[in-house]
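Below is one structure; the comments refer to it alone.
The values are calculated or read from the model by the stated rules, or taken from the named source; none is laboratory data. Note that the structure is a prediction, hence the values are computed from the model and not measured. Quick reminder, even Gly has a Cβ in these numbers, built from the backbone with ideal geometry, and neighbours come from all protein chains shown. With ligands, DNA and RNA removed, areas are computed over all heavy atoms of the protein, side chains included. Shrake-Rupley method; radii C 1.70, N 1.55, O 1.52, S 1.80 Å.
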Amino acid sequence: MTERWKSLDARTLPGHMMRRVQQLAVALFTEEMAELGLTPVQYSALHAICQQPGIDQRTLARSISYDAATIGGVIERLEARGLVQREVSPQDRRARVLSATAEGLQTLKAAIPRVLKTQDRLIAPLSPAERKQLMHLMGVLIDANDELSRAPAGE
């Protein structure tokens, strides 16, 4: 190993900086969502289920870029809180379809302003042009590397 590691600054590493931004995003989300008690993944799942009633678990996982093997736990927690319900699919008895309960819809309605506030707080230091550029560049990185993800959106 070269001696390069001695002078390596983590703030020059894109992966480190993205991890730090993710930490900030989750911290802000958790703060804004404290009253509702939703995690980022639970919110994403609830939002997708409300948008697509009758969605199956595998399609849900793919639609929110989440690992299909662990989406069941997310659904179990939402179901235990009375926010979603699972039923056997009429088309495929092996599959479970998901729908939001009335309480789930109310929770989503209460969550959306908090989610938007979280996003605004996260990017507040950036100018409108920088915000647009950031979103574009993140999209480029995701599109170019999606197949490396544990939950590719393109599947």
| request: Work out from phi, with θ = phi - 60° and the Karplus expression 6.51 cos²θ - 1.76 cosθ + 1.60, the ³J(HN,Hα) of each residue of region 96-104, listed in order in whole Hz, and give x for Gly and Pro. | output: 10, 9, 10, 8, 7, 7, 4, 5, x
| Extension gain residue 67-residue 132, at 0.36 nm per residue separation less the Cα-Cα distance, in nm? | 20.6 nm
| query | At what distance in nm do the modelled label points of residue 146 and residue 122 sit from each other, each positioned 7 Å from its Cα along Cα→Cβ? | reply | 1.9
| field | Per residue, in Å², the accessible surface of region 1-81 once ligands and nucleic acids are set aside, probe 1.4 Å | value | 64
| query | Rank 136, 47 by accessible area, highest first, at a 1.4 Å probe radius? | reply | 136, 47
| note | Whole-Hz Karplus couplings 3J(HN,Hα) for region 23-31, θ = phi - 60° and coefficients 6.51, -1.76, 1.60, Gly and Pro as x, run 4, 5, 4, 5, 4, 5, 4, 4, 5
| request: Determine by what factor the alpha-carbon radius of gyration of region 72-153 differs from 2.2 N^0.38 Å, reporting the quotient. | output: 1.54
| What percent of all Cα-Cα pairs in region 1-80 falls in each 10 Å bin, counting up from 0? | 15, 34, 26, 13, 9, 2
| field | Approximate spin-label separation residue 24-residue 3, in nm, with each point projected 7 Å along Cα-to-Cβ | value | 3.4
| request: Report which label in [x] 114; [y] 160; [z] 104 holds the value of volume of the Cα convex hull per residue in Å³ derived from the coordinates of this structure. | output: [y]
| note | Shape call for region 108-148, from the Cα gyration tensor axes a ≥ b ≥ c (a/c under 1.5 means rounded, otherwise prolate when a/b beats b/c, else oblate), comes out oblate
| Where does the chain land at 222 nm, in deg cm²/dmol rounded to the nearest 500, when only DSSP H runs of n ≥ 4 count, each adding -39500 (n - 2.57), divided by all residues? | -18500 deg cm²/dmol
